[in-house]
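Below is one structure; the comments refer to it alone.
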Amino acid sequence: MNFAIDSLEAFLEREYKLVIVEIRETFGSTPREAGAFMLVSPTDAHGTIGGGQMEHLAIDNARALLAGVSDQVEMDIPLGPDIGQCCGGRVILTFRIGDDAARKALEAKLKHNVETLPEVWLFGAGHVGRALADALLLLPLKTYAVETRKSELDLMSAGASHRLVAMPESIVKDIAPGSAVVILTHDHALDFLIAKEALARDDLAYIGMIGSKTKRATFANWAKKEGLGDDLVGRLVLPIGGKAVSDKRPAVIAAMTSAEILVAIESYRVRSES
């Protein structure tokens with residue numbers, strides 16, 4: 001079985017005959033959430049609804065619909081031993097032929113999803129900033145890269161929106177609530193100014209800074225002189241990436257920091273909805 005590795009847009013352009021398979025409801029433990037979808041053509045597929053035998057059954061039914069030998073537009077699948085899975089939950093799948101109306105509805109949904117993605121703002125486009133932008137590119141996040149140096153920004157992943165500004169700290173106030181701010185500039189004084197602006201807000205999901213224990217102590221002393229209380233300083237993640245892995249290569253720091261960001265954004269979402 002082939003699975004497309006091109007983008008969703010390229011798949012839609014390439015495959016005219018297809019079925020949109022979507023998880024409408026979930027019960028108990030399931031590998032994907034309601035709203036997850038995949039596209040199935042006669043010979044290919046894009047995306048995933050969780051894999052395993054459940055996904056194979058869905059693909060078989062989608063292709064049977066395309067071939068005109070099935071009219072089943074809904075499946076209720078228990079994820080138990082009968083299909084060789086042990087999640088224990090249950091999913092209800094819907095199947096929709098990808099005609100013009102279905103494609104337009106899918107495009108509208110995708111546009112909405114992109115517009116409402118959480119934002120990550122990277123202040124600094126050095127080695128770690130670029131590695132982090134690359135890591136975040138694969139995640140359901142919108143990434144912005146802010147720099148004072150055009151030469152560094154030009155090296156940044158095209159997947160991040162570029163912002164060349166003279167005073168990066170001045171744009172912190174305009175960042176959307178629930179966003180993550182990661183501070184990785186080449187200038188410690190600038191790092192501290194950006195952090196001060198970020199910590200002045202109580203609606204950011206994550207505020208992190210690259211550095212060390214010494215840098216954290218230096219920032220704490222500076223923050224005290226600037227009138228920032230210990231409660232505010234305590235919200236700053238410094239160093240980013242945690243202590244579980246000692247490897248300090250940019251790609252490793254980026255991987256660990258990406259996980260921190262995802263956890264923080266999800267925690268913020270849960271708090272906001274409760």
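Of note:
- Subset of the range 10-48 [within 21 Å of the chain's Cα centre (by Cα) and basic (Lys, Arg)]: ARG32
- The residue of the range 162-201 that is surrounded by the most Cβ atoms within 10 Å (Cβ to Cβ), among those that are in a loop (DSSP other than H, G, I, E, B) and without any contact (Cβ under 8 Å) to a residue 40 or more places away in the chain, is ARG201.
- Listed by first and then second residue, the pairs linking a residue in the range 30-55 that is closer than 13 Å to SER7 by Cα to a residue that is part of a loop (DSSP other than H, G, I, E, B) and among the hydroxyl-bearing types (Ser, Thr, Tyr), with Cβ atoms under 9 Å apart and 6 or more places separating them unless they lie on different chains, are MET38/THR48; HIS46/SER7.
- Looking only at the range 106-124, and only at residues there that are hydrophobic (A, V, I, L, M, F, W, C) and under 19 Å from MET256 (Cβ atoms), the one that is nearest to the chain's Cα centre (by Cα): VAL120
- Residues being among the hydroxyl-bearing types (Ser, Thr, Tyr) and out of contact with any Lys or Arg (no Cβ under 9 Å at 6 or more places or on another chain) - total across the range 105-161: 4
- Residue within the range 10-18 that is modelled with pLDDT of 90 or more and within 22 Å of LYS109 (Cα to Cα) present: yes
- For ILE92, the requirement of being at pLDDT below 90, part of a strand (DSSP E or B) and not charged (D, E, K, R) is not met.
- Residue in the range 22-31 that is closer than 15 Å to THR94 by Cα, in the same structural domain as ALA105 (by TED's automatic domain parsing), surrounded by 19 or more Cβ atoms within 10 Å (Cβ to Cβ) and modelled with pLDDT under 90 present: no
- Residue within the range 154-168 that is farther than 21 Å from ARG130 by Cβ, out of contact with any Ser or Thr (no Cβ under 7 Å at 6 or more places or on another chain) and in the same structural domain as ARG269 (by TED's automatic domain parsing) present: yes
- Out of LEU132, LEU204, LEU122, sole residue that is part of a loop (DSSP other than H, G, I, E, B), in contact (Cβ under 8 Å) with a residue 12 or more places away in the chain and crowded, with 19+ Cβ neighbours inside 10 Å: LEU204
The values are calculated or read from the model by the stated rules, or taken from the named source; none is laboratory data. Please read these numbers as outputs of a predicted model, since none were measured by experiment. Counting neighbours? That spans all protein chains shown, and the Cβs are built from the backbone with ideal geometry, glycine included.
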